[in-house]
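A short reminder: the numbers here are calculations on the coordinates, not readings from a lab. Small disclaimer: the values here were computed from a predicted structure and weren't measured. Here the Cβ positions follow ideal geometry from the backbone for every residue, glycine too, while neighbour counts run over all protein chains shown.
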C-alpha cells in the first residue's frame with residue numbers, strides 16, 4: 001500500500017547517506033480507508049506498523065484540511081516568511097499528533113503546510129523550524145493523556161448525535 005506520494009522535481013537528488021538524516025518533506029498526505037474489522041496483527045509481520053502509518057497519514061490529511069481553513073482567513077502576503085506563523089503551525093502539530101517518537105512526521109507536516117509561504121522551498125521551512133524550535137513548548141505526558149481522553153469522549157458524543 002502506498003502511504004505517501006512524492007512530488008516530482010522539487011528536491012535535488014542526494015545520495016543515500018544524506019537521505020537518512022533528512023525527513024522526506026516532499027509529500028502529499030492522502031487519506032486512506034482503514035479496515036474497520038480488527039485483524040490479528042501478530043500473524044502477519046509488519047501489518048500493525050502499516051495500519052499505524054495509515055492512521056498517522058489520515059491524521060496528517062485531516063490536519064492539513066483543517067488548518068487550511070484557518071490560513072485562508074489571511075492573505076498570502078501576511079504569512080509569507082513569517083516565523084511566528086511557522087511557530088504557530090509547529091505548536092498546533094505538537095498538540096494534534098500525540099504519538100510518541102513521531103518527530104519526523106510532525107516536521108514533514110509542518111513543512112507541507114508552510115512551504116506555500118516560502119516559495120515552495122522545503123529547505124527554507126526546515127531552516128526556520130530549526131531556528132524557532134527552542135521556542136516550541138512540548139506537550140508533556142499528562143497533557144497528552146488529557147487530550148487523548150478529550151478526543152475519545154468527543155468521538156463518543158458525536159456518534160450519539
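Before moving on, here are some points about what is shown:
- Exposure proxy order (Cβ contacts within 10 Å, fewest to most) of 131, 90: 131, 90
- Site pair residue 161 and residue 31 shows an inter-label distance of 1.8 nm when each label is modelled 7 Å from Cα along Cα→Cβ.
- Note on residue 83 and residue 55: the model spin-label points, each 7 Å out from Cα along the C-beta direction, lie 3.7 nm apart.
- Spacing of the two label points (7 Å from each Cα toward its C-beta) at residue 150 and residue 120, in nm: 3.7
- FRET efficiency for residue 45 and residue 99, using Cβ-Cβ distance with R0 set to 30 Å, rounded to 0.05: 0.90
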